[in-house]
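> Take a look at the following structure, please.
Just so you know, all these numbers are worked out from the coordinates, no wet-lab data involved. Source: prediction; values computed, not measured. We place every Cβ from the backbone using ideal geometry, glycine too, and count neighbours over all the protein chains shown.
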Amino acid sequence: MSKSSVHTNLKQVAKLKRVALIGNPNVGKTTVFNVLTGMRQKVGNYPGVTVEKKTGRMDGEVPIEIIDLPGSYSLSPKSLDERIAYDVLSGHLANEPRPDLVVCIVDASNLERNLYLVTQVLDLGLPVIVALNMMDAAEAAGLVIDLKLLSEKLGVPVLPMSASKNEGIGKLKYQIRRTDLTVAPERSWTLMPAVEVEIPALIQILAEEAPKVPERQRFIEVLQCLTSDTMLDYWNKWAPNFQKEVQQARLRLLSNKVPYQQAEVIGRYGWLSPLVAQVVTRKKNVGDASVSDKIDAVLTHRVFGPLFFGLILLLIFQAVFSWATPLMDLIESSVIGLGAIIRASFPAGMATDLLVDGVVSGVGNVVVFLPQILLLFFFLGLMEDTGYMARSAFIMDRLMSRVGLGGGSVVPLLSSFACAIPGIMAARTLANPKDRLITIMVAPLMSCSARLPVYTLFIAAFLPTGKVLGLITFQGLAMFSMYLLGTVMAFVASMVLKRIVFKGESSFFAMELPPYRMPRFKQIFWRMIDRSKAFVIRAGKIIFGMSIILWGLARFPVTEPSAEIALLRSSADTVFEQRVDSLASIGVPYAEASEQIGAEMASRYRRVDAAEAGFQIEHSFIGKIGHTLEPVMRPLGFDWKISAGIVSAFAAREVIISALATIYSVGDVGEDSPLLREKLKADTYPNGDPVYTPLVAVSLLVFFVLALQCMSTLAIAKRETNSWKWPAVMWLYMTGLAYLFSLIIYQGGMALGWG
Amino acid sequence: MSPIHVPQPLTSFSTGVLVQLAFFALGDPEAQRLRELGVIEGNQIHILKNGDSFVCCVESSRIALRREVAMNVFGTPVVL
Ligand SMILES: Nc1nc2c(ncn2[C@@H]2O[C@H](COP(=O)(O)OP(=O)(O)OP(=O)(O)O)[C@@H](O)[C@H]2O)c(=O)[nH]1
Ligand SMILES: [Mg+2]
C-alpha cells in the first residue's frame, strides 16, 4: 500500500492505528518521533521545545499514525501545552478518538519523577508501552535498572533505548506494530482512605451522566475534577450533576480538614517510591558534582553568569554582522549578474523590466540576507542543543522578576530573536496566564530576523566603519544596540503592563536544568536548512508578489513628463542635431558623427532620462501614496520614498527593501552602481541635500526596531489570545512607540545640529 | 544526644547539605508544580547552590528555584 492511497482512502484513515508519545519535558519524545516517522520536528535540550501536537506516519506494511505531544510533568495540566497532552489522551477533543496505544517516554536517569506521569497514564485504561530512554545517560550516572522487575510491577512492556543514538528503536517499532497489546492493569495504589471513600459514588454519577467516558477512564476523570477547576469546568455542559456532586465532596473533605489536594501525589508516590528503590541500584552518590555542575558553577555564577551571557549575545551579533559578509557579497553580485543576463537575453520592454526591476531586484535584495539568518539560527541552535538556553532562563530570572516576568519568559523572548511567531507559541509553556499574555504582548519587540536585512542595509550604508577597542566593529556594535533597544523596550513594556494592566501576584520560578550535551551538528544543520527554506519560500511568496505589485505601483499610471523636463529633452535634442550637422558639414559621415556626439552627450542624456524617470515615479501610485504620507513622516526625517517603503513594509518588514529597490531601479537608468545602498547614498532632495543622513538612518532604524510590521505576528497573537483585542493593542502601542521614538530622535538630533 | 531539628527554609542550608523536605509554605498550584518536578515532602534533596539563586539536586535532575521560592520550602538536615 502506498502512502498516497492511505491519504485518499478515508475508510483506511479511520482504521489507522494511532499511537501517542507522552512523557516529561525534555526526555526525547520528539527525538523518538523523528526516528519513527523520518520527520524533522524540532528537538532541543530544554524543557518545552514542543508546544503543539504533531502527527506523522510510521511506514511499514500497515502504516501507523504517531502523535508527538508537548512534554508534561503530570496529567493535571497547568499550562496550555500540558493541557494539549491530556486532551489528546483522554479523548476530550471533538472528532478525535483516544489513541490506540500510548508510548510513555521516560528518562531512565530520573525514574521516580518520570514514573509519576506513567502511573497516571496507566489509569486511563489504554494499552501502554514504557520506553526507558536515555539509557546511555543513566549508565553514565551509575544507575542499574532491573527492567524485568519494573515491567512486572507496572504490568506493561518496558523497553530500554537511547533514541539519539538510534539504539532500541527496532524493538519499539516491533512493539508498536503488535496487535495483541492489552490494556494496562488497574491501579494497585490507593488514595488516603478519607478521599478514597468519596470516589465510587462520584464514578457512579459520572457513568450515568456521561456514558461516553470509557469505564476504565472514570477514576482518573473523577480525581482530576476533585483537584482542578479547569478540569471540572469541562463537565459544565456534559455532566452538571456530576459537577455539583464533586463540589459537595470537596466541601465535605474540606470541612473534615482532609488535604485532598495532595491525596493523589501522596498516593502515587507512596506506591512508586518503594518500587523505584527496589528497581534501581546506584553505583554512585547522587549528590556528587557532575560535569554539568562544574560547568554551571561558572556559567550560572552570580557575576560570570550574566557577563558570559552578555558576551555570547555580543559575539552572536558581531558574527552575524561580519562573518556573513563574503557570502552576502557573492549573492549580491550574482543577483546583479542575473539581472544583466536577463536584460541581455530578452528584448527590452515592459516584461523584461518587470522581471529585472520587480522580481529579480525585489527578491534578490532580500535573499541576500540569507547568510546572516543562517548564522543566527546556527547560534540559537547551538544554545538550544547544548542546554545553555535553560541556563539563560535561570540567569535572567532575577532581572526578569524585576520587570514583572519570570525566567520562564526568557526562552520565548530569545526565540523571538529568530521570529516572533515561534516565540509567541513558546509562551504556551508558561503556567501563569498573566505572564503568558505579557510575554505574548512584548515578544514582537525583540528584533526578529526579518528586521535584520533592514538593519544591515542602513547600518552598512550610513554608519561609519572602524573598530571600537580594536576588536568590535562599530557597525557590529550598532547592530547590537538595535537588539538592545528592542529588548530594553520589551522589558519596559512588560513592566508597564504588569503594573497597570495585570496587577497581581508575583510570578513563580522553578525549572529543571537539563545536563549539558554535546551539540548534534547534524541536527542544527537540518534546522538551519529548514529555516532557510522557510525564509526563501517566504521571500518567494510574499516578497515576489509584493515586488510585482510594487513595480506596478511605481510604473503606473504612465505620466507625460512636465513641460520643464520636456524642454530639457528638446533642448538636448536641438544641441545634438546642431553638433551632428556641423560635423557632417566638414565631411564626417552622418552615422559616425551621431555616434561621436552621442557619446559626448551621454551624461547629459542620462540626466534627462533620470529626470523623466524620477518624474514618472513621483507621479505613480506609489509616489502618490508616499507624498500623501510625507507630511506625517517628514518630522521623523523620512521623504516620500521612505514613507512609501514603510507603508509597504506593514505586511512584512523585509518588503521595505524590495520597495526601495523597486523605486530606485525604476527611477534609475542602470548606469550608476546597481547596489541599493549606493543608490540610497546618492539620493538627494531637489536642493541638493542628501535624503539619507546618518540621523535619518538612525531614526529609520529605531522605527523598525519598535514598529509592529508583520501580518503573521498579528494573526498568531489573535490565535493564541482568542481575540482581536490584544493584537490590536499590540499594534497600536508598538507603532505609537515607533513614531514617538523616531520623532524624538530626529527632532532632537536636528536641534543639536546633527542633521 | 541528637539535636531535634525544626524545619528550616532551604535557603538556610549551605551547599552540599542533604535535606529532608518537610512542608511547603506556597500556594497550591506552586506546591503542585514543585511536587511534579520531584521536590516532594519527605524526599531528600542535595543543596547545590545557595546564593542569590538556588539549585538543588533531586535524584539525578537539577532543579533551579527563585530564591523567594526556596525560602518557602522547609526541611530538616539529614545527618549521615
Ligand atoms: N544522552 C541522550 N540524549 C538524548 C536521548 N534522546 C534524546 N536526547 C537529547 O535530549 C534532548 C531533548 O530531546 P527532545 O526530543 O527535544 O525531547 P522532548 O521530550 O521532545 O522535549 P519537549 O518537547 O521539550 O518536551 C535533546 O538534546 C536530545 O538530543 C538519549 O537517548 N540519550
Ligand atoms: Mg518535543
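> To the nearest 20 Debye, how big is the dipole of region A:3-177 about its Cα centre, given +1 on the beta carbon of each Lys and Arg and -1 on that of each Asp and Glu?
Charge dipole, region A:3-177, about its Cα centre: 540 debye, nearest 20.
> Give the separation of the Cα centroids, region A:290-328 to region B:1-78, in Å.
A separation of 30 Å, based on Cα centres.
> Which order, highest average first, do A:408-421, A:687-700, A:347-360 follow once you tally other Cβ atoms within 10 Å for each residue and take the mean per peptide?
Working: A:408-421: 25.4, A:687-700: 17.2, A:347-360: 15.7.
Per-residue mean Cβ counts within 10 Å order the peptides as A:408-421, A:687-700, A:347-360.
> Which residue, chosen from A:22, A:335, A:601, occupies the Cα position most advanced towards the positive end of the dipole of the protein assembly as shown, where the dipole is computed from +1 (Lys, Arg) and -1 (Asp, Glu) charges on Cβ about the Cα centre?
Going by the charge dipole, the pick is A:22.
> Under unit Cβ charges (Lys, Arg +1; Asp, Glu -1), what dipole magnitude, rounded to 20 debye, does the protein assembly as shown have relative to its Cα centre?
Numbers: 79 positive and 72 negative charges, 401 e Å.
Value, rounded to 20: 1920 debye.
> Find, to one decimal place in angstroms, the Kirkwood hydrodynamic radius of region A:558-613, where the mean of 1/r is taken over every pair of different Cα atoms and then inverted.
12.1 Å
> Further, regarding this structure: Between their Cα atoms, which of A:42/A:541; A:15/A:53; A:17/A:54; A:42/A:522; A:42/A:171 are more than 18 Å away from each other?
Pairs exceeding the cut-off: A:42/A:541; A:15/A:53; A:42/A:171.
> Could the peptides B:50-56, A:391-397 be put in order, highest first, of the mean number of other beta-carbon atoms found within 10 Å of their residues?
Numbers: B:50-56: 19.1, A:391-397: 24.4.
Top of the packing list down: A:391-397, B:50-56.
> Mind checking the angle between helix A:590-600 and chain A's longest principal axis? C-alpha axes, 0 to 90 degrees, to the nearest 10.
60 degrees
> Check cross-link reach from residue A:467 to the lysines: straight Cα distance under 30 Å, and skip same-chain residues fewer than eight apart.
Output for residue A:467: A:679, A:681.
> Calculate the mean, over all residues of peptide A:264-270, of how many other protein chain Cβ atoms lie within 10 angstrom of the residue's Cβ.
Taking all residues of A:264-270 together, the mean is 3.
> Once every DSSP H run of n ≥ 4 in the protein assembly as shown is given -39500 (n - 2.57) and the sum is divided by its residues, what mean residue ellipticity at 222 nm do you get, rounded to the nearest 500 deg cm²/dmol?
Calculated mean residue ellipticity at 222 nm is -17000 deg cm²/dmol.
> Something else about it: Evaluate peptide B:64-71: per residue, the Cβ atoms of other protein chains within 10 Å of its Cβ; return the mean as an integer.
For this peptide, the per-residue mean of nearby foreign Cβ atoms is 6.
> Dipole size in debye (nearest 20) for region B:15-71 around its Cα centre, Lys and Arg Cβ +1, Asp and Glu Cβ -1? Don't jump to the answer; show the numbers that get you there.
Numbers: 6 positive and 7 negative charges, 38 e Å.
Here region B:15-71 has a charge dipole of around 180 debye.
> Please average, across the residues of B:27-33, the number of beta carbons from any other chain that are within 10 Å of each residue's own beta carbon, and give a whole number.
Working: counts 2, 3, 7, 7, 3, 11, 8.
Averaged over the peptide's residues, the number is 6.
> Sticking with this structure for a sec: Indicate the gyration tensor shape class of region B:3-77 (rounded, prolate or oblate), computed on the Cα atoms with a ≥ b ≥ c the square roots of the eigenvalues: a/c under 1.5 is rounded; otherwise a/b larger than b/c is prolate and the rest oblate.
It is rounded, given that a/c, with a ≥ b ≥ c, falls under 1.5.
> Sticking with this one: Lysines within cross-link reach of residue B:49: Cα-Cα under 19 Å, excluding same-chain residues under 8 positions apart?
A:294
> Return the whole-Å distance between the Cα centroid of region A:357-385 and the Cα centroid of region A:127-201.
Using only Cα atoms to place each centre, the spacing works out to 44 Å.
> Still on this structure: Please work out the C-alpha center-to-center distance from region A:540-586 to region A:89-112 and express it in whole Å.
Taking the Cα centre of each part, region A:540-586 and region A:89-112 sit 69 Å apart.
> So for the protein assembly as shown, taking the charge dipole from beta-carbon charges (+1 Lys/Arg, -1 Asp/Glu), which of A:457, A:150, A:86 sits furthest toward the positive end?
The listed residue farthest towards the positive side: A:150.
> Follow-up question, since we're still on this one. Among A:500, A:482, A:661, which residue has its Cα furthest toward the positive end of the charge dipole of chain A, with +1 on Lys/Arg Cβ and -1 on Asp/Glu Cβ?
Farthest towards the positive end: A:500.
> Another one. Please compute P(r) over all alpha-carbon pairs of the protein assembly as shown, binned at 20 Å starting from zero, and give each bin as a whole-number percent.
13, 39, 29, 13, 4, 1, 0
> Per residue and in Å³, how big is the convex hull formed by the alpha-carbon atoms of region A:3-177?
In region A:3-177, the Cα convex hull volume per residue is 113 Å³.
> Against the longest principal axis of chain A, how steep is helix A:725-751, in degrees 0 to 90 to the nearest 10, with axes from Cα atoms?
In chain A, helix A:725-751 runs at an angle near 40 degrees to the longest axis.
> Highest mean first, what order results for A:380-389, B:35-44 on Cβ atoms within 10 Å?
A:380-389, B:35-44
> With angles folded into 0 to 90 degrees, how steeply does helix A:451-462 sit against the dominant principal axis of chain A? Use alpha carbons for both and round to 10.
That works out to roughly 30 degrees.
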